[in-house]
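Since every read-out is calculated from the coordinates, none of them should be taken as a lab result. Not measured: the values here are computed from a predicted model. Reconstructed Cβ throughout: ideal geometry from the backbone, glycine too, with neighbour counts over all protein chains shown.
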Amino acid sequence: MLIRNILTAIFFAIAMREVGAAEERPTLLPALSSCGQEFFSALHAKREVLGKIVPIRDGRGNRTYIKVPDRSGELGNTVPFSAPYPDGSLSLVGYFDDILDLAVGGRYYSWGFFVQGTIEEVKRQIAPALREGTHLRRDGDVYVRSELWKDGAWLPDDNLAGGVAPAHGTIERVFLIENGGPPEFPGVVRVGCSLQGSVTSEMVHAARPDISVDTEPFDISPRAAARELASLLFFESATEEYRKSLTVWREADGWNDRMLRCMQEIDGTVLSNEVAVLLEDDLTPKELTDGLSFMRTDTAARVMKQLRAAQRKGESVSRSDLDLSAEDTVVLTKNSEIMRKIVARMKSPRYGLAYVQAISATYERCRKGKPHRPSR
């Protein structure tokens, strides 16, 4: 009953102004200086205008990114704008997005704009609005703001040397204003971010939401993808259903408090991990990452929230009952095939039995510990 309720809910889930009107202050360049998701939200707010001059795509939630032909290739990691985009008094004329993998030397994720003007002109215009702008400093021929990932946070480090690879095991986040661009962008300044060093897939996911929804594969193992996918699909519902069942089982079986506490050691993580093992066996790595790409979106979060609310009320739900925006409908339609495939796999009785076996194993362990109240 537990997994059937969850599967039933999932099954029913399966759609500025004109260019040239200058703004008083730049908005995209300051947002870019966050070197994180804020930038892609800023692109989303300007997507109607940007979409007229450069290829764009919508990513997770209210985020948009500019599409380059090939971020991993030297000849495809830039894209020119068909007309300059005015960001304050500055003109953005192109975009770059490249990934460089140096193996033991780490990975480098770089993205940003080509801006018309000199380095001093550009720096003077945007410096007052930059994030952590007080740490922007001159380093040779460039302006740089550098941070080091330490103790779970980004910390300013004004002593990081430019042009030197990060030490092994370290991660740096750098905002740069530097002269020059490729030949097709004469007279420009390159303004952008670099995430570099021993960069983890989780950090890429946090800073670059565009990469997860693109055709580039996740830097994540099939097992990790299966676990995250199973958790997003089942954790909340599985936990709620199991807690409800514990109340019934305690009364039926006459558990004392010690037995109940022992059985409460199971949570949604334990149960979803049982599902993850089967998902990893039943789905290809691409199917796992495609499903995970969708489940990481804000659209999926909104859909699952509505499905769970209906499930708590004991109501059946069809797709037409869901409150979806036009953007949500597009995203849901685009990903319906992979989600139907995942749900079809999970209809196998093996998934329900995996739940039962996990619960039964815990029950036997708790019972053998003699927390069960003796019969009279």
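A simple spin-label model places the labels of residue 252 and residue 348 2.7 nm from each other, with each point 7 Å out along Cα-to-Cβ. Taking a ≥ b ≥ c as the square roots of the eigenvalues of the Cα gyration tensor, the chain is prolate, since a/c reaches 1.5 or more and a/b is larger than b/c.
Amide H contacts for residue 94 (H built 1.01 Å from N in the peptide plane; partners 5 or more residues away or on another chain; cut-off under 5 Å): 81, 114. Extension gain for residue 341 to residue 38 (0.36 nm times residue separation, less C-alpha to C-alpha distance): 105.7 nm. The length gained by stretching the chain between residue 315 and residue 132 to full extension, at 0.36 nm per residue less their Cα-Cα distance, is 60.9 nm. With an a/c value of 1.5 or above and a/b not larger than b/c for the gyration tensor axes a ≥ b ≥ c computed over the alpha-carbon atoms, region 119-158 is described as oblate.
Between residue 67 and 56, 57, the built amide H atoms are under 5 Å apart, and every one of these is 5 or more places off in sequence or on another chain. For the residue pairs 313/368; 286/313; 244/305; 67/286, the alpha carbons lie more than 27 Å apart in 313/368; 286/313.
Between residue 155 and residue 70, the FRET efficiency from the beta-carbon distance, with R0 = 51 Å, is close to 0.90. Using only Cα coordinates, the Kirkwood hydrodynamic radius of region 33-213 works out to 16.7 Å. Over the chain, dividing the summed -39,500 (n - 2.57) contributions of all DSSP H runs of at least 4 residues by the number of residues returns a 222 nm mean residue ellipticity of -14000 deg cm²/dmol.
Using the empirical formula 2.2 N^0.38 Å as the baseline, the Cα radius of gyration of region 313-360 reaches a ratio of 1.58. In terms of its C-alpha gyration tensor, region 75-161 has an oblate overall shape, because the principal axis ratio a/c (a ≥ b ≥ c, square roots of the eigenvalues) is not below 1.5 and a/b does not outweigh b/c.
Be a star and scan region 324-361 for residues whose amide nitrogen sits under 16 Å from the point 7 Å along the Cα-to-Cβ vector of residue 305. Within reach of a label on residue 305: 324-329.
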